[in-house]
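The values are calculated or read from the model by the stated rules, or taken from the named source; none is laboratory data. The structure displayed is predicted, hence computed values, not measured ones. Virtual Cβ from ideal backbone geometry, glycine too; neighbours counted across all protein chains shown. When the accessible area is computed, the model is the full protein with side chains, heavy atoms only, and any ligands, DNA or RNA have been set aside. Shrake-Rupley method; radii C 1.70, N 1.55, O 1.52, S 1.80 Å.
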Amino acid sequence: MVINDPLNDDRFRENAFVTGSPGVRFYAGAPLKTQQGNILGTLCILDHKPRTISDNQKQALQLLAKKAMDYLDTRKIMLAQDLTIGSNAAYLKKLTDQAPGAIFQMEMTPDGKVTFPFMSEGIKKLLPGFDLVKTLNNPDLALDFVHSEISSCLKKACKSPF
């Protein structure tokens, strides 16, 4: 929708944005339409002077509105994926914490630094006195509980402990 001068348009002549601040004298808007056809609002251009725009400028405004909706659609998908991933991660944590035995993820950087991004609660049952929080903060503590050959190799930053 393009209104070259709202003062000359019966639909907008009495609008507060036209009669008062900010004194709109030009309006061009393209709908922000969902894939289901719902209109969320408009991407619009306002000016304090009456003006006209070309067909190319109208097409550019429509393209910008479509790009804005593409961005919003993508963001909606990403938020839904984040929610699903978070829910799945919580479910997996619950399962692993209830599993008999210990489940952990160990990572080693090329320079030999060892980290444990994940350890299940089951490790406490296998190793009484094992402090999960301390070990996650200081991964070297976990090496004391690992088989001596593997621990020795990890402490030396071997390429492959097996």
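Pick out, from Q57, L40, N88, the residue whose Cα sits farthest towards the positive end of the charge dipole of the chain, with +1 on the Cβ of Lys and Arg and -1 on the Cβ of Asp and Glu.
Q57
Grab the other residues whose beta carbon is less than 14 angstrom from that of K58, score K and R as +1, D and E as -1, and report the net.
Around K58, the surrounding residues sum to +1.
Express the carbon and sulfur contribution to the solvent-accessible surface of the chain as a percent, rounded to the nearest whole number, probe 1.4 angstrom.
Carbon plus sulfur share of accessible area: 58 percent.
Sort segment 12-58 into rounded, prolate or oblate with this rule: let a ≥ b ≥ c be the square roots of the eigenvalues of the Cα gyration tensor; rounded if a/c is under 1.5, and if a/c is not under 1.5, prolate when a/b is larger than b/c, oblate otherwise.
Verdict is oblate for segment 12-58.
Given 37 °C and 0.692 mPa s, how large is the Stokes-Einstein diffusion coefficient of segment 1-126 in µm²/s, with Rh as the Kirkwood radius over Cα pairs?
Roughly 165 µm²/s, to the nearest whole number.
In Å², what does the accessible area per residue of the chain work out to with a 1.4 Å probe?
73
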